[in-house]
Amino acid sequence: MKRKEKKDLEYNLIIKDIINSEEFQKRKNFSHHGKISVYDHSLSVSKKAYKIAKFFKLDYKSAAIAGLLHDFYEKPWQDDKTKYPFFKQHGFTHAQNALINSQKYYHEYLNETIENAILRHMFPLNIVPPKYKVGWIVTLSDKLVSMEVFKYPSMLLLLLGIKIR
């Protein structure tokens, strides 16, 4: 078995139960930003966080799971037609929602490091930074993967969850 295949197998074993669950599969139908689904975005963040954490000999399992669940909110936010005050919009609130939803569906996979990474991944929008190195890695991975939004300038404000009406 080649080294890359072995790494991919290890990563897949870490995430397989979550990614194959019916609830996570629903995220294939949730638009993220631009033309990517929440499922694909989360998978990309998870893979990147896993690789970075593994490179630095950190808790790569927690990084993979936190990356996968960092945007695990309950419904497509673009479908919500409610007009919220600025600091109650998606970009500022979805991390808390993702944590609650993760605890509801995947509590057996969570630990303090993963929960903190999910909750704090929107730093600096959520003001309080991640407590652990894994959280910083997930935050960085999310920002790097989200750079795709620059392909669609009209989507920049949506990156913060701010809807223009």
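Points worth noting:
- Those helices (runs of 4 or more DSSP H) lying entirely in the stretch 6-83 with at least 3 residues at pLDDT below 95: 22-25, 38-55
So that you can scan it fast, the table gives a plain yes or no per residue for (1) at pLDDT 90 or above; (2) assigned to a loop (DSSP other than H, G, I, E, B); (3) at positive phi:
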residue: Asn116; (1), (2), (3): yes, no, no
residue: Ile127; (1), (2), (3): no, yes, yes
residue: Pro130; (1), (2), (3): yes, yes, no
residue: Val134; (1), (2), (3): yes, no, no
residue: Asp142; (1), (2), (3): yes, no, no
residue: Met147; (1), (2), (3): no, no, no
residue: Phe150; (1), (2), (3): no, no, no
residue: Ser154; (1), (2), (3): no, no, no
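- Members of the stretch 51-73 found to be farther than 18 Å from Met122 by Cα, of a type in the set (Phe, Trp, Tyr) and surrounded by 17 or more Cβ atoms within 10 Å (Cβ to Cβ), listed by number: Tyr60
- Residue check, Ile162 at pLDDT below 75 and either part of a loop (DSSP other than H, G, I, E, B) or among the aromatic types (Phe, Trp, Tyr) (or both): yes
The values are calculated or read from the model by the stated rules, or taken from the named source; none is laboratory data. What you are looking at is a predicted structure, and each value in this text was computed from that prediction instead of being measured. FYI the Cβ positions are ideal-geometry reconstructions off the backbone, even for glycines, and counts take in every protein chain you see.
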